[in-house]
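Here's the structure, in structure tokens; my notes come after.
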Amino acid sequence: MFLSAILFMCCISMIFSNPCDISDEKSMISRMLQSIEKKLKASGECTAPANCPAGWTKYKTHCYFFSPDGKNWHDAAKQCQNIGGYLVQITDSAENSWVVDKLKKSVKHTLGSWMGLADVKKEGDLRWVGDSSAVSYSHWHLGEPSNSTNEDCVHFLSQANYEWNDAPCHLDNMGVYL
């Protein structure tokens, strides 16, 4: 707690040091937060939830909900938000494989299932809806993302073994997974 108070006072004094240009301070605060997160994770204080809510499935430190509903991307994102989550965000190949395995065993949707990746704000700048971060891992189908018909939202393409594909956000009857 004492460290938090010192960190907070230090950040406040830095922010007020130059009101015209705070880019250095923002950068420093971001690095400090990342360092604190790493220390907390290493200490074991930030662990996975003991149990997921009924109907949800646990994988590592997250709980996932595989909905049988078929929706367009915007409605799917809204449904996820309404139940306290966001469309799935894939961070590595192991997580992708786990989600794909679950998709193969769940309700089959003709075109596949939505994920939380889109470039609706700026064409070509794919971001995760959960935290607005850029893509660090991907599993695109050959030739994708193509944006061939104003395709701003990404899904697991069932016809291509659930590799990633960009598609128009208004397509209905895609699965919803968060």
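List of remarks:
- Approximate spin-label separation residue 140-residue 161, in nm, with each point projected 7 Å along Cα-to-Cβ: 1.9 nm
- Accessible surface ranking that places the most exposed of 86, 162 first, with a 1.4 angstrom probe: 86, 162
- Taking amide H as placed 1.01 Å from N in the peptide plane, residue 163 has its amide H under 5 Å from the amide H of 157, each at least 5 places away in sequence or on another chain.
- Of the solvent-accessible surface of the stretch 128-176, computed with a 1.4 Å probe over protein heavy atoms with every protein chain present, carbon and sulfur atoms account for 47 percent.
- Model label zone, residue 170; criterion: amide N under 16 Å from point 7 Å along Cα-to-beta-carbon; scope the stretch 123-162: 148-153
- Under 11 Å, Cβ to Cβ, from residue 170 - net charge with Lys/Arg +1 and Asp/Glu -1: -3
- Part-to-part distance (alpha-carbon centres) for the stretch 85-134 and the stretch 135-169, which is given in Å: 10 Å
- Considering only Cα atoms, the convex hull volume of the stretch 82-178 works out to 106 Å³ per residue.
The values are calculated or read from the model by the stated rules, or taken from the named source; none is laboratory data. From a predicted model like this one, the values you see are computed outputs, not experimental measurements. Ideal geometry is used to build each Cβ from the backbone, glycine not excepted, and the neighbour counts take in all protein chains shown. To get the accessible areas, we keep the full protein, side chains included, count just its heavy atoms, and leave off ligands, DNA and RNA. Shrake-Rupley method; radii C 1.70, N 1.55, O 1.52, S 1.80 Å.
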